[in-house]
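Student: Mind looking over this structure? Questions follow.
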Amino acid sequence: MNGLYKAELIHAKRIWESVEAVELATMGWVHWWNTTRLHEALDYLTPAEVEAAYTHDQDSAPVAS
């Protein structure tokens, strides 16, 4: 993931105005990565979709006594 982050965000813009600009852009990129970008390893779902399905399955599972 670090390589993609650097290639898609950091190196795509040669000069950054400030550290804050990098931080803000990083937050946006991470949000996009987790909520919009489809991941082949996750059967072309987003990490957010996989997490939501997992959480739903955990909530729906019967409680062992």
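Student: Against the longest alpha carbon principal axis of the chain, how many degrees, from 0 to 90 and to the nearest 10, is the axis of helix 19-35 turned?
Tutor: 30 degrees
Student: For a quick protection proxy, order the peptides 44-53, 12-21 by their average other-Cβ count within 10 Å, most packed first.
Tutor: The packing order, highest mean first, is 44-53, 12-21.
Student: Note down the nm distance, to one decimal, between modelled labels 7 Å out along Cα→Cβ at Asn2 and at Val30.
Tutor: A separation of 1.6 nm, rounded to one decimal place.
Student: Quick one: helix 47-60 against the long Cα principal axis of the chain, what's the angle to the nearest 10°, folded into 0 to 90?
Tutor: Result, in degrees: 20.
Student: Starting from the Cα gyration tensor of the chain, take the square roots of the eigenvalues, sort them a ≥ b ≥ c, and report rounded, prolate or oblate (rounded when a/c is under 1.5, otherwise prolate if a/b is larger than b/c, else oblate).
Tutor: prolate
Student: Which one, His11, His31, His39, has the greatest fluctuation when you compute a Gaussian network model over the chain with C-alpha springs under 10 angstrom?
Tutor: Of the options given, His11 has the highest mean-square fluctuation.
Student: At a threshold of 8 angstrom on Cα-Cα distance, excluding pairs fewer than six apart, so keeping six or more, what relative contact order does segment 2-60 reach in percent?
Tutor: Result for segment 2-60 is 19 percent.
Student: Let me ask something else about it. Once both labels are modelled 7 Å past Cα along the beta-carbon direction, what's the His39-His56 spacing in nm?
Tutor: Going by the 7 Å Cα→Cβ label model, 1.8 nm.
Throughout, read-outs are computed from the coordinates displayed, never taken from laboratory work. Just so we're clear, the structure is a prediction, and the values are computed from it rather than from any experiment. Glycine also receives a Cβ, built like all others from the backbone with ideal geometry; neighbour counts cover every protein chain displayed.
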